[in-house]
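Values quoted throughout were computed directly from the atomic coordinates according to the rules given, and no laboratory measurement underlies them. Everything numeric in this text was worked out from a predicted model, so none of it was measured. Because the Cβ atoms are built from the backbone with ideal geometry, glycine has one as well, and the counts that use them run over all protein chains shown.
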């Protein structure tokens, strides 16, 4: 019933799912691989999130409002997705009457994750943030470049290295 709305999509490591400044017109479920959502301000890049298998990827604000994306979303490995175009997503209500409830639960989960990240940033130490992320989603720790995880956790690569060394000793 829903499969005609989703298209299989593949991107090779290093390709862009979305570039900043371009409106996002799709939502994808990641069936394989990892992507990095980041901003580039001149010479400095700030990683917002690492998306992994079993999760969705999009720029939600851009998708919902048609605004230019604030984020670059780039693959960190070869990726496979099931992607639905915005126009098809909007038409899902006709074949899936429960969509508003599903959206509500999805957005609630997104908001809770965001709330937790804000809480952690203002109330936890760098080591506690590292440990929290490692428990929440351990996949990236061995596969993502040090500087991306450090940026996402709002710490220097040196701090992240010290925490990692302390955990393994």
Points 7 angstrom from Cα along the Cβ direction at residue 159 and residue 139: gap in nanometres? 2.6
Largest-first principal axis extents, alpha carbons of segment 98-169, Å: 50, 26, 19
Please find, in a Gaussian network model of the chain (springs between Cα atoms separated by less than 10 Å), the residue of 89, 148, 65 whose mean-square fluctuation is greatest. 65
Run the numbers on segment 98-169 and let me know its relative contact order in percent, using alpha-carbon pairs under 8 Å that are six or more apart. 27
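Starting with the fewest neighbours, write out 46, 118, 57, 144 ranked by other beta-carbon atoms found within 10 Å of each beta-carbon. Don't skip to the answer; put the middle values down first.
Numbers: 46 14, 118 10, 57 25, 144 19.
Ordered by Cβ neighbours within 10 Å, fewest first: 118, 46, 144, 57.
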How far, in degrees from 0 to 90, does helix 86-95 lean away from the longest principal axis of the Cα atoms of the chain, to the nearest 10? 60
Distance between segment 36-56 and segment 68-116 - C-alpha centres, whole angstrom: 17
Helix 99-123 against the longest principal axis of the chain: what's the angle in degrees, Cα atoms only, rounded to the nearest 10? 10
Please give the FRET efficiency for residue 124 paired with residue 70, using the beta carbon to beta carbon distance and R0 = 22 Å, rounded to the nearest 0.05. 0.30
Using a Förster distance of 22 Å, the FRET efficiency for residue 147-residue 116 (Cβ separation, nearest 0.05): 0.40
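Quickly estimate the mean residue ellipticity at 222 nm for the chain, helices only: each DSSP H run with n ≥ 4 gives -39500 (n - 2.57), and the total goes over all residues, rounded to 500.
Numbers: 6 runs with 71 residues, N = 169.
The helix-only estimate for the chain comes to -13000 deg cm²/dmol at 222 nm.
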Selected from 81, 29, 136 as most flexible by GNM, with the chain as the system and alpha-carbon contacts under 10 Å: 136
Treating the angle as unsigned and between 0 and 90°, give the value, to the nearest 10°, between the Cα long axis of helix 126-136 and the longest Cα principal axis of the chain. 40
Each label point is 7 Å from the Cα along the Cα-to-Cβ direction; what then is the distance between the points at residue 109 and residue 9, in nm? 1.9
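Remind me, relative contact order of the chain in percent, using alpha carbon pairs under 8 angstrom and six or more residues apart?
Numbers: 264 pairs, mean separation 43.5, N = 169.
The value is 26 percent.
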Once both label points are put 7 Å beyond Cα along the C-beta direction, the residue 25-residue 43 separation in nm becomes 3.8
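Over segment 1-145, what lengths in whole Å, largest first, do the semi-axes of the equivalent ellipsoid take, defined as the square roots of 5 times the eigenvalues of the alpha-carbon gyration tensor? Intermediate values should be presented prior to the final figure.
Working: eigenvalues 136, 70, 50 Å².
Rounded to whole Å, the semi-axes are 26, 19, 16.
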